[in-house]
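*Asks:* Quick one: the structure is below, and I'll ask about it shortly.
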Amino acid sequence: MAESITLARPYANAAFEVAAADNALAQWSQMLQTLAAVTSQPRISELLKSPALTAEKQSEALLSICGDAISPKGSNMVRLLAENRRLALLPQISELFDTLKAAREKSIDVEVTTAYALSDAVVAQLAKALEKRLDRSVKVHSTVDKQLIGGVVIRAGDTVIDNSVRGKLNKLAESLSS
């Protein structure tokens, strides 16, 4: 069976093309996030997997739950996904869509994990440095992990910069054991 992300990619690309043509990337992103959140709920997920429901009934149920949050073009996409028994892919479709949107807007979400809370000034300085290095606008999400001991771990898409004390100790242990 194919990976769900592989199955979701063509739908995300199609949704992105429609949204870009309509200059409605933000609206589509919000709509797909709403659909993903609803279909991720265990009771809804089970309902949508039920072979007793026709594709039409599945799409009607999902659209009635989401109400006015779904545009007419979004409703068409839901119906198409239901016909192809792909409603369970909505979380992956939403994620892929947001990745395409960020690439178009040259923006990226960056997760900064530190041993201690950072001040707003330090976060702003870090964001400025990352924007210069990544050549994108950066939105920093900061978290605290006391197990890092000190330093910082930065995750920006596929890029990970581990400059933590724990990371350095792990590297030292690896080099000593090999």
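*Asks:* Would you confirm whether any residue within region 145-160 is in a helix (DSSP H, G or I), exposed (fewer than 13 other Cβ atoms within 10 Å of the Cβ) and either among the basic types (Lys, Arg) or without any contact (Cβ under 8 Å) to a residue 60 or more places away in the chain (or both)?
*Replies:* Within region 145-160 (the criterion being in a helix (DSSP H, G or I), exposed (fewer than 13 other Cβ atoms within 10 Å of the Cβ) and either among the basic types (Lys, Arg) or without any contact (Cβ under 8 Å) to a residue 60 or more places away in the chain (or both)), the answer is yes, since at least one residue qualifies.
*Asks:* Please go through region 27-38 and give me each residue that is in contact (Cβ under 8 Å) with a residue 12 or more places away in the chain and of a type in the set (Gly, Ala, Ser), ordered by number.
*Replies:* Ser29, Ala36, listed by residue number.
*Asks:* Here's another thing I want to ask about it. Return only the number of the condition from (1) closer than 27 Å to Ala26 by Cβ; (2) open to solvent by 60 Å² or more (accessible area, probe 1.4 Å); (3) at pLDDT 90 or above that Ala127 does not satisfy.
*Replies:* With (1) closer than 27 Å to Ala26 by Cβ; (2) open to solvent by 60 Å² or more (accessible area, probe 1.4 Å); (3) at pLDDT 90 or above applied to Ala127, the lone miss is (2).
*Asks:* Residues Arg79, Arg136, Arg166: which one is open to solvent by 50 Å² or more (accessible area, probe 1.4 Å), within 22 Å of the chain's Cα centre (by Cα) and among the charged types (D, E, K, R)?
*Replies:* Arg136
*Asks:* May I ask you to list the residues in region 60-72 that are open to solvent by less than 20 Å² (accessible area, probe 1.4 Å) and either of a type in the set (D, E, K, R) or within 11 Å of Thr39 (Cα to Cα) (or both)?
*Replies:* If the condition is that a residue be open to solvent by less than 20 Å² (accessible area, probe 1.4 Å) and either of a type in the set (D, E, K, R) or within 11 Å of Thr39 (Cα to Cα) (or both), then Leu62, Cys66 are the ones that fit.
*Asks:* Taking the condition open to solvent by less than 40 Å² (accessible area, probe 1.4 Å), aliphatic (A, V, I, L, M) and in contact with a Lys or Arg (Cβ under 6 Å, 6 or more places away or on another chain), does Leu48 pass?
*Replies:* no
For (1) touching an Asp or Glu at 6+ places or on another chain (Cβ under 6 Å); (2) within 12 Å of Ala115 (Cβ to Cβ); (3) at pLDDT 90 or above; (4) among the polar types (S, T, N, Q), each residue gets a yes or a no:
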site: Arg133; (1), (2), (3), (4): no, no, no, no
site: Arg136; (1), (2), (3), (4): no, no, no, no
site: Val144; (1), (2), (3), (4): no, yes, yes, no
site: Thr159; (1), (2), (3), (4): no, no, no, yes
site: Arg166; (1), (2), (3), (4): no, yes, no, no
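*Asks:* Determine which single condition Trp28 fails, assuming it passes every other condition in (1) closer than 14 Å to Phe97 by Cβ; (2) open to solvent by 50 Å² or more (accessible area, probe 1.4 Å).
*Replies:* Only one criterion is unmet by Trp28, namely (2).
*Asks:* Just the residues that are assigned to a helix (DSSP H, G or I) and not aliphatic (A, V, I, L, M), please, taken from region 105-125.
*Replies:* Glu105, Asp120, Gln125
*Asks:* Restricted to region 100-121, and to residues that are surrounded by fewer than 17 Cβ atoms within 10 Å (Cβ to Cβ) and of a type in the set (Lys, Arg), which residue is farthest from Asp145 (Cα to Cα)?
*Replies:* Arg104
*Asks:* Right, something else. With respect to Glu3, is the statement that it is modelled with pLDDT under 95 and open to solvent by 80 Å² or more (accessible area, probe 1.4 Å) true?
*Replies:* So Glu3 passes the test.
The values are calculated or read from the model by the stated rules, or taken from the named source; none is laboratory data. The model shown is predicted, which means the values in this text are computed figures rather than measured ones. Using ideal geometry, Cβ is built from the backbone for each residue, glycine included, and neighbour counts are taken over all protein chains shown. What goes into the accessible areas is simple: the full protein's heavy atoms, side chains included, and nothing from ligands, DNA or RNA. Shrake-Rupley method; radii C 1.70, N 1.55, O 1.52, S 1.80 Å.
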